[in-house]
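Report on the following structure.
Values quoted throughout were computed directly from the atomic coordinates according to the rules given, and no laboratory measurement underlies them. Remember, predicted model here, so these are calculated numbers, not experimental data. Neighbour counts run over all protein chains shown; Cβ positions are idealised from the backbone, glycine included.
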Amino acid sequence: MKVLVAEDDLASGKFMEKLLSKYGEVIVARDGIAAVDEFVKAVNNGEKFDLVCMDIMMPKIDGYKALASIRDAERKLGLARDSRCKVIMISALDEGFDAGYASDDYEEYICKPIDIIKFDSLVKKLGLA
């Protein structure tokens with residue numbers, strides 16, 4: 001499995017990288033633009049991310065806009081809805097998540113601090129483990 005973690009907080013990024021490394025390759029992007037760039041670069045190299053863990057509050061562009069750009073890139077490639085990457089939205093503010101901004105472009109939402117057991121069950125629920 002190939003995972004993209006979009007997380008601007010260094011400690012949270014390292015935590016997510018360690019947590020997800022048991023599933024496969026993990027790429028960490030420190031802002032929304034870097035996340036979109038990593039996604040597009042992988043697609044252009046004929047690779048595909050299986051999972052994107054998208055922090056909502058990030059510099060440059062937030063997680064909502066980064067997710068919209070990623071989904072737009074998938075549409076331009078003609079990817080069917082069932083073959084696109086899975087997305088877990090992540091936020092430090094449980095009440096700060098607005099599902100309306102993300103529409104139905106994500107599969108799951110989880111609040112920080114990340115509960116390892118709950119997160120692992122989400123990955124399994126998505127059929128990625």
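Couple of notes before you dig in:
- Of everything listed in (1) part of a loop (DSSP other than H, G, I, E, B); (2) without any contact (Cβ under 8 Å) to a residue 12 or more places away in the chain; (3) within 22 Å of LYS125 (Cα to Cα), the single unmet condition for LYS18 is (1).
- Residue count, segment 51-60 (criterion: surrounded by 18 or more Cβ atoms within 10 Å (Cβ to Cβ) and either of a type in the set (Ser, Thr, Tyr) or part of a loop (DSSP other than H, G, I, E, B) (or both)): 2
Let's see how each residue does on (1) in contact (Cβ under 8 Å) with a residue 40 or more places away in the chain; (2) surrounded by fewer than 17 Cβ atoms within 10 Å (Cβ to Cβ); (3) part of a helix (DSSP H, G or I):
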residue: VAL5; (1), (2), (3): yes, no, no
residue: LYS48; (1), (2), (3): yes, yes, no
residue: GLU74; (1), (2), (3): no, no, yes
residue: MET89; (1), (2), (3): no, no, no
residue: TYR106; (1), (2), (3): yes, no, no
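- Residues that are polar (S, T, N, Q) and under 15 Å from the mean Cα position of the chain (by Cα) within segment 40-84 comprise just one, SER69.
- Cβ-Cβ distances below 7 Å connect the following pairs, each with a first residue in segment 25-42 that is within 10 Å of LEU4 (Cβ to Cβ) and touching a residue at least 12 places away in the same chain (Cβ under 8 Å), a second residue that is surrounded by 20 or more Cβ atoms within 10 Å (Cβ to Cβ) and among the acidic types (Asp, Glu), and a separation of six or more residues or different chains: VAL28/GLU7.
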